[in-house]
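Reading through the structure tokens given below for one structure.
The values are calculated or read from the model by the stated rules, or taken from the named source; none is laboratory data. All of these numbers come straight from a predicted model, not from anything done at the bench. Quick reminder, even Gly has a Cβ in these numbers, built from the backbone with ideal geometry, and neighbours come from all protein chains shown. Ligands, DNA and RNA are stripped out before the accessible areas are found, and what is left, the full protein with its side chains, is counted by its heavy atoms. Shrake-Rupley method; radii C 1.70, N 1.55, O 1.52, S 1.80 Å.
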Amino acid sequence: MTPLEIASETLDRHIAGNPYPGRGLIIGKSLGDSHWQQVYFIMGRSPNSRNRQFAAEASVLETRPFDESKVEDPSLIIYEAMLEYRKAFMVSNGEQTRTLHDGWSNGQSMKEALSQREREPDAPNYTPRITGMLDFSNGSPEIGLSILKANKTNSEYTDRHYFYPSPPSAGIGYGLTTYMGDGNPLPTFVGDPLLFPIGATPEDTLDRYWDALNEDNRISISVKEIAVDGSTSRIVIRNKYV
């Protein structure tokens, strides 16, 4: 199979054929090689998790309550999901987006910044913290991906995994999800980042992933389009509740 065929098969298997991959992020090159894209989607099973929507202001993507009167616990569901600092583009499934942004702006590496964070405290799932960054600081684009998850033998501890893959070919992205599928407790993502397809435009990518996500559990999806030199960006979003 070609890398593009592997990416399409992964979308079919891990997203379309999976009722609950949870939250997911992808960083890759557009089909046609004209831009970079960052994808971020959220899903929900509980009423609190489902009571969310994306909102974008300039280069910042945030999760916000859809109905503020129904918010039960905002601590793990309301956060900045996409941030930028100069020519570094950050995306994550939690408050660690801000942690990475602030650490990076103060000269810390991705590892140094995220060393302050642990897996989420939502026992028994202990949801992983997944983070991605596309950095143009040194001229050529560099990708960093991280997953912080509970240690297999003692959930009190956090295992820290970092990946720095070479830039992908056009139409392909590297991605992480929080879970492998549905369950109680939810099975944590395992393995290396997966290959996923990236469309020619952010609208193409958004449509394809929205259609693939489980209709009952999907909540919101966003795609950020980034210029090949990191000079500009724009965000497109879709929310289940409008």
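Brief remarks on what is shown
- Selection status of residue 174, aromatic (Phe, Trp, Tyr), touching a strand residue (DSSP E or B) at 6+ places or on another chain (Cβ under 7 Å), within 20 Å of residue 21 (Cα to Cα) and in contact (Cβ under 8 Å) with a residue 12 or more places away in the chain: yes
- For region 192-236, filtered to residues that are part of a strand (DSSP E or B) and over 17 Å from residue 27 (Cβ atoms), the residue that is nearest to the chain's Cα centre (by Cα) is 220.
- Within region 137-180, being open to solvent by less than 10 Å² (accessible area, probe 1.4 Å) and part of a loop (DSSP other than H, G, I, E, B) holds for 171, 178.
- Total residues in region 11-40, condition open to solvent by 50 Å² or more (accessible area, probe 1.4 Å), within 23 Å of residue 89 (Cα to Cα) and not hydrophobic (A, V, I, L, M, F, W, C): 4
- Output for region 41-68, where each listed residue is among the basic types (Lys, Arg) and open to solvent by less than 30 Å² (accessible area, probe 1.4 Å): 52
A quick yes/no check of all residues on (1) aromatic (Phe, Trp, Tyr); (2) within 16 Å of residue 177 (Cα to Cα); (3) free of Cβ contacts under 8 Å to residues at least 40 places away in the same chain; (4) crowded, with 21+ Cβ neighbours inside 10 Å:
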{"site": "81", "(1), (2), (3), (4)": "no, yes, no, yes"}
{"site": "85", "(1), (2), (3), (4)": "yes, no, yes, no"}
{"site": "91", "(1), (2), (3), (4)": "no, yes, no, yes"}
{"site": "104", "(1), (2), (3), (4)": "yes, no, yes, yes"}
{"site": "109", "(1), (2), (3), (4)": "no, no, yes, no"}
{"site": "112", "(1), (2), (3), (4)": "no, no, yes, no"}
{"site": "115", "(1), (2), (3), (4)": "no, no, no, no"}
{"site": "120", "(1), (2), (3), (4)": "no, yes, no, yes"}
{"site": "125", "(1), (2), (3), (4)": "no, yes, no, no"}
